[in-house]
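Have a look at the structure below, then the notes.
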Amino acid sequence: MQAVDLCRDLSPDVVLMDVRMPGIDGIEATRRIVAAGLPTRVLVLTVFHHDDYVWGALRAGADGFLLKRTSPERLIDAVQSLAAGEVLLDPAVTRSLVARVVDRTPGRSAAEPEDPRLGQLTARERQVLRLAAEGRSNAEIAGLLVLAESTVKTHMKRVLAKLDARDRAQAVAISYRGGLMSF
């Protein structure tokens, strides 16, 4: 309960939340922060790579999920990304999350037709979406594609609009389900 009280008192932009904490666990603390209507964004940081923890954290309202083995630079980038309003998932959990969302297991062939919305994407938007599917932040995508971060944000906004997706995770799921990417 101390994490929730501290968020109320200090009103941080981003809080790093561990899954296992004394008293209530990090998922319940996240749920309480979100339920309280606090502006604090929650980045769950844990050593545990279990689907139940990922789903629990996301259902509770977490804005990001990283494994503790992440580099200090990646962690700083993640905090900045969340503070800027982005959602971020560790690349190690993205594949299993997407597989569960689209109800597909690795190695299973995709017999589904290509989603016509995917045909609306430009080549650059597809590149940005592929890198987002790897769990990369806007800053990382900008570095890899030698673009300004604001340009990457514009591309992502266009991807979300063209796919009628509410967030990056849904856009990635649409791209897998529609055949743009495969496992």
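Take the conditions open to solvent by less than 60 Å² (accessible area, probe 1.4 Å), modelled with pLDDT of 80 or more, within 20 Å of Val14 (Cβ to Cβ) and β-branched (Val, Ile, Thr) and apply them to Val159. Does it pass? Taking the combined requirement at face value, the residue does not satisfy it. Among residues of region 4-44 being open to solvent by 40 Å² or more (accessible area, probe 1.4 Å) and closer than 14 Å to Gly64 by Cα, the one that is nearest to the chain's Cα centre (by Cα) is Arg41. Ser81 meets all of the listed conditions (1) surrounded by 21 or more Cβ atoms within 10 Å (Cβ to Cβ); (2) in a loop (DSSP other than H, G, I, E, B) but one, namely (2).
One residue stands out among those in region 162-171 that are aliphatic (A, V, I, L, M) and under 13 Å from Leu131 (Cα atoms): the one that is modelled with the highest pLDDT, which is Ala171. Please determine, by comparing only the residues of region 129-183 that are among the acidic types (Asp, Glu) and either touching a helix residue (DSSP H, G or I) at 6+ places or on another chain (Cβ under 6 Å) or in a loop (DSSP other than H, G, I, E, B) (or both), which one is nearest to Arg117 (Cα to Cα). So, considering only residues that are among the acidic types (Asp, Glu) and either touching a helix residue (DSSP H, G or I) at 6+ places or on another chain (Cβ under 6 Å) or in a loop (DSSP other than H, G, I, E, B) (or both), the one nearest to Arg117 (Cα to Cα) is Asp164. Tell me, yes or no, whether region 117-130 has at least one residue that is modelled with pLDDT of 90 or more, within 16 Å of the chain's Cα centre (by Cα), open to solvent by 40 Å² or more (accessible area, probe 1.4 Å) and within 23 Å of Leu66 (Cα to Cα). No, there is no match, as no residue in region 117-130 is modelled with pLDDT of 90 or more, within 16 Å of the chain's Cα centre (by Cα), open to solvent by 40 Å² or more (accessible area, probe 1.4 Å) and within 23 Å of Leu66 (Cα to Cα).
Within region 1-57, the set of residues being under 21 Å from Gly85 (Cβ atoms) and among the polar types (S, T, N, Q) comprises Ser11, Thr30, Thr40. Pairing each residue of region 66-77 that is surrounded by 15 or more Cβ atoms within 10 Å (Cβ to Cβ) with any residue that is in a helix (DSSP H, G or I), provided the two are 6+ apart or on different chains, yields C-beta distances under 8 Å for Leu66/Arg74; Leu66/Leu75; Leu66/Ala78; Leu67/Ala92; Leu67/Val93; Thr70/Ala78; Asp77/Ala139; Asp77/Glu140. Suppose we keep only residues that are charged (D, E, K, R) and touching a residue at least 12 places away in the same chain (Cβ under 8 Å) within region 162-180. Which one would you say is surrounded by the most Cβ atoms within 10 Å (Cβ to Cβ)? So, considering only residues that are charged (D, E, K, R) and touching a residue at least 12 places away in the same chain (Cβ under 8 Å), the one surrounded by the most Cβ atoms within 10 Å (Cβ to Cβ) is Arg168. Exactly one residue out of Ile141, Ile174 is out of contact with any Ser or Thr (no Cβ under 7 Å at 6 or more places or on another chain) and modelled with pLDDT of 90 or more: that is Ile141. Being over 27 Å from Gly143 (Cα atoms) and surrounded by 15 or more Cβ atoms within 10 Å (Cβ to Cβ) is not true of Ala62.
The values are calculated or read from the model by the stated rules, or taken from the named source; none is laboratory data. Values in this document were obtained by computation on a predicted structure and should not be read as measured data. Please note: Cβ atoms are built from the backbone with ideal geometry, for glycine as well, and neighbour counts cover all protein chains shown. All accessible areas refer to the heavy atoms of the entire protein, side chains included, with ligands and DNA or RNA removed. Shrake-Rupley method; radii C 1.70, N 1.55, O 1.52, S 1.80 Å.
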